[in-house]
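To start, the structure itself, in structure tokens.
The values are calculated or read from the model by the stated rules, or taken from the named source; none is laboratory data. Bear in mind the structure is a predicted one, so any value in this text is a computation, not a measurement. Every residue, glycine as well, gets a Cβ built from its backbone with ideal geometry; the counts of neighbours run over all protein chains shown. Note: areas computed on protein heavy atoms with side chains; ligands, DNA, RNA excluded. Shrake-Rupley method; radii C 1.70, N 1.55, O 1.52, S 1.80 Å.
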Amino acid sequence: IVHIAALNKDRKIDDYQRIYNKIAEKIREEDEYDGYIGYGPILVRLGWHSSGTYDKTNNSGGSYGGTYRFKLESSDPSNNGLQNAAKFLDPIYKEFNWISHGDLYTLGAVCAVQEAQGPKIPWRPGRVDLPETETPANGRLPDANNGADYVRNFYARLRMNDREAVALTGAHCLGRTHYKNSGFDGPWGAASNSFTNEFFVNLLNEQWKLEKNKSGNYQYDSPKGYMMLKTDYALIQDPSYLKIVKEFANDEASFFKEFASSFQKLLENGIDYPKGAPQYIFKTLDEQDI
Ligand code: HEM
Ligand SMILES: CCOC(=O)c1cnc2ccccc2c1N
């Protein structure tokens, strides 16, 4: 399967910055969502889940076709709760319906990371809506009840190495688990909407206890009310992952640098960009004095 980015001569950075600003202002405006966490974290998750269906073995899935918009994909149990992010983006798609769904979902995630004071994520337009027949089957997104070997294998399908895998999981500094979505719960009170290396600091500094929660899922809980999934905790159980966790816990800049490149790679997996395809780095609202 080949997905070539469509170059649209009529649309320049201002057009996309306008959409970025609409999303950013709406995140700022609707700040009460999910106990005042806001929409940032779930927009990041939508961009990640619409990209995480990618399979390098046949170059299928991924963000290109915007197939999350179809029932088969949005009703995948792994996508429970993401309807809130799609609903958030709906009015923005109606106003700017020249953009593809794949570009919108990934632009929303880039905007959410940057507006949470995270690193700048370079972004390239050109994804093209594919028909419903191209929707990947359920089951391509990861299952949290697993250890390091599973995590390494899963990320290999997305062409990600250990460093990229650890960096990407650092996005769990944002938001929280919701019992009704995934059968996990927490962190309590500690959920954040600021993009930092705190996830790695917590992993190393907290006392973790493996507990079976009321849904029968296992999760690691700390006395301070933090939680980790088994796939989070795997990052300190595996010697190669642990080394990288320590680096990112001690050097936020190095985490930011790796996250920016890994996240762009995740959002662009499966897409061929022609020579001369434009790449944009959007300004935050703060940088525009908005
Ligand atoms: C092995 C890989 C991963 C697993 C098993 C996993 C699993 C989960 C689970 C179970 C939740 C809770 C969902 C809910 O209950 O609402 C969650 C939330 C989240 N995940 Fe991951 N995740 C993984 C990788 C990633 C990656 C690569 C990113 C982004 C780069 C990411 C970003 C997020 C964010 C931002 C949230 C919070 C969403 C919210 O607050 O609504 N995750 N993840
Ligand atoms: C910085 C404090 O947040 C955490 O330690 C943490 C750990 N794992 C998670 C897994 C899924 C979603 C949110 C998560 C989360 N917020």
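Any residue that is surrounded by fewer than 17 Cβ atoms within 10 Å (Cβ to Cβ), of a type in the set (Phe, Trp, Tyr) and in contact (Cβ under 8 Å) with a residue 40 or more places away in the chain - is there at least one of those in region 113-129?
no
Could you look through region 162-198, keep only residues that are under 17 Å from the mean Cα position of the chain (by Cα) and of a type in the set (Lys, Arg), and pick out the one that is farthest from ligand 2 (Cβ to nearest atom)?
Looking at residues that are under 17 Å from the mean Cα position of the chain (by Cα) and of a type in the set (Lys, Arg), I get 163.
Kindly indicate whether any position in region 67-81 is within 16 Å of ligand 2 (Cβ to nearest atom) and open to solvent by less than 30 Å² (accessible area, probe 1.4 Å).
Checking region 67-81: at least one residue is within 16 Å of ligand 2 (Cβ to nearest atom) and open to solvent by less than 30 Å² (accessible area, probe 1.4 Å).
Among the residues of region 262-286, write down those that are in a helix (DSSP H, G or I), in contact (Cβ under 8 Å) with a residue 24 or more places away in the chain and not hydrophobic (A, V, I, L, M, F, W, C).
262, 264, 265, 268
Kindly establish whether residue 154 is within 12 Å of ligand 1 (Cβ to nearest atom), within 23 Å of residue 80 (Cβ to Cβ) and either assigned to a loop (DSSP other than H, G, I, E, B) or modelled with pLDDT under 95 (or both).
no
Give, as residue ranges, the helices (runs of 4 or more DSSP H) completely inside region 1-103 that count at least 2 residues that are farther than 19 Å from residue 281 by Cα, at pLDDT 95 or above and among the aliphatic types (A, V, I, L, M).
Passing ranges, in order: 40-51, 83-95.
In region 206-235, what residues are hydrophobic (A, V, I, L, M, F, W, C) and assigned to a strand (DSSP E or B)?
Of everything in region 206-235, those that are hydrophobic (A, V, I, L, M, F, W, C) and assigned to a strand (DSSP E or B) turn out to be 210, 227, 228.
In region 1-20, what residues are buried (at least 18 other Cβ atoms within 10 Å of the Cβ) and closer than 14 Å to residue 104 by Cβ?
Once the filter is applied, which keeps residues that are buried (at least 18 other Cβ atoms within 10 Å of the Cβ) and closer than 14 Å to residue 104 by Cβ, region 1-20 yields 16, 19, 20.
In the set 230, 212, which member is touching a strand residue (DSSP E or B) at 6+ places or on another chain (Cβ under 8 Å), farther than 26 Å from residue 39 by Cα and either within 15 Å of ligand 1 (Cβ to nearest atom) or open to solvent by 20 Å² or more (accessible area, probe 1.4 Å) (or both)?
212 is the lone residue from the list that is touching a strand residue (DSSP E or B) at 6+ places or on another chain (Cβ under 8 Å), farther than 26 Å from residue 39 by Cα and either within 15 Å of ligand 1 (Cβ to nearest atom) or open to solvent by 20 Å² or more (accessible area, probe 1.4 Å) (or both).
Surrounded by fewer than 18 Cβ atoms within 10 Å (Cβ to Cβ) and modelled with pLDDT of 95 or more: is that true of residue 286 in this structure?
yes
For region 157-180, name all the residues that are open to solvent by 30 Å² or more (accessible area, probe 1.4 Å) and either in a loop (DSSP other than H, G, I, E, B) or near ligand 1 (Cβ under 9 Å from one of its atoms) (or both).
Residues satisfying the conditions are 159, 161, 172, 176, 178, 179, 180.
Given the criterion at pLDDT 95 or above and within 28 Å of residue 60 (Cα to Cα), identify the matching residue among 269, 250.
The conditions single out 269.
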